[in-house]
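Participant: Take this structure, written in structure tokens, and hold onto it; I'll ask about it next.
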Ligand code: SF4
């Protein structure tokens, strides 16, 4: 996969939007689309590029996000902002546009909490801002696998080891860091070896581990089956995998929590998509 993308600069009408995820009050997505091009990404079903473009080839850059934010933080109640929920805020376009950095400064400076989720070690560029506001900022790194198949599932994202190194550096600077082991996908990363590798990593660097299963969305599901031969996530499969994760976490002494349990998704049998940002 070539991993090149076209960036289109656009102007957004609003920066902060109410979050549909229970752990956030607001969502902030400075970009639409994501050139990391993960094949399981549910955002592919939510973000359409120009006709004929493939997921990851087009990124819309909301250039006016910092100026919008400066106005919005004056009238909105401070809360927790998810950066981001349908894109990776530290994808390659961020090198040039620096919208995540500017957003972080505006939000944390105005008393908002910011929860970053990324697959990129580019977040270390903003170490100064993150450390300055570490009382109000946490950073999550998604690591689905430390094995060879990660490059097939996440073809244009920095390597899992680069993410792990970045996570370790942030932990060393006193930042709250979590590793997101998700989505857990049948036939891709649901073996004890795969799960155990990421759980051991989280424990070793001193990060909390959050895990979640894959819930299929139409476009991402089709890509997954074609590229990884992934199976269907049945309730029986998930019961088995959850048990495995719990055993591995206990064995490792890792701090683990299930996102599903936290959100009450198991009880509601929610159709909420899972398997994406960032
Ligand atoms: S899963 Fe995250 S990093 Fe991957 S393409 Fe989607 S938004 Fe980007």
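Values quoted throughout were computed directly from the atomic coordinates according to the rules given, and no laboratory measurement underlies them. These figures come from a predicted structure and were not determined experimentally. Backbone-built Cβ (ideal geometry, glycine too); neighbour counts: all protein chains shown.
Participant: Could you work out how far the C-alpha centroid of the range 88-116 sits from that of the range 181-204, in angstrom?
Facilitator: 28 Å
Participant: If I fit a long axis through the Cα atoms of helix 218-228 and take the longest principal axis of the Cα atoms of the chain, what angle between them do I get, 0 to 90°, rounded to 10?
Facilitator: 50 degrees
Participant: Work out Dmax and Rg for the chain from the C-alpha atoms and quote the Rg first, both in angstrom.
Facilitator: Reported Rg and Dmax, both Å: 17.7, 50.
Participant: Additional query: Compute the relative contact order of the chain as a whole-number percentage, counting only Cα pairs closer than 8 Å that sit 6 or more residues apart in sequence.
Facilitator: The normalised contact order for the chain reaches 20 percent.
Participant: Follow-up. Distance in nm between label sites at residue 63 and residue 6, each 7 Å beyond Cα in the beta-carbon direction?
Facilitator: 1.7 nm
Participant: To the nearest 10 degrees, how steep is helix 235-252 against the longest Cα principal axis of the chain, on a 0 to 90 scale?
Facilitator: 80 degrees
Participant: When you count, for each residue, the other Cβ atoms within 10 Å and take the mean per peptide, how do 51-61, 88-98, 31-41 rank with the highest first?
Facilitator: The densest-packed peptide leads the list: 31-41, 88-98, 51-61.
Participant: Let me ask something else. Provide the gained length on full extension for the span residue 20 to residue 161, in nm with one decimal, where the gain is 0.36 nm per separating residue minus the Cα-Cα distance.
Facilitator: 47.7 nm
Participant: Taking the simple approach of a point 7 Å from Cα along Cα-to-Cβ for both residue 257 and residue 171, what is their distance in nm?
Facilitator: It is 1.7 nm.
Participant: Beyond 25 Å, what percent of the Cα pairs of the range 42-154 remain?
Facilitator: 27 percent
Participant: Oh, and also: Taking 45 Å as R0, compute the FRET efficiency from the Cβ-Cβ separation of residue 134 and residue 53 and round it to 0.05.
Facilitator: 0.75
Participant: Taking 0.36 nm per intervening residue step and subtracting the Cα-Cα distance, what contour gain separates residue 247 from residue 125 on full extension?
Facilitator: 40.3 nm
Participant: So in the chain, what percent of DSSP beta bridges are antiparallel if you round to the nearest 5?
Facilitator: About 15 percent, rounded to the nearest 5.
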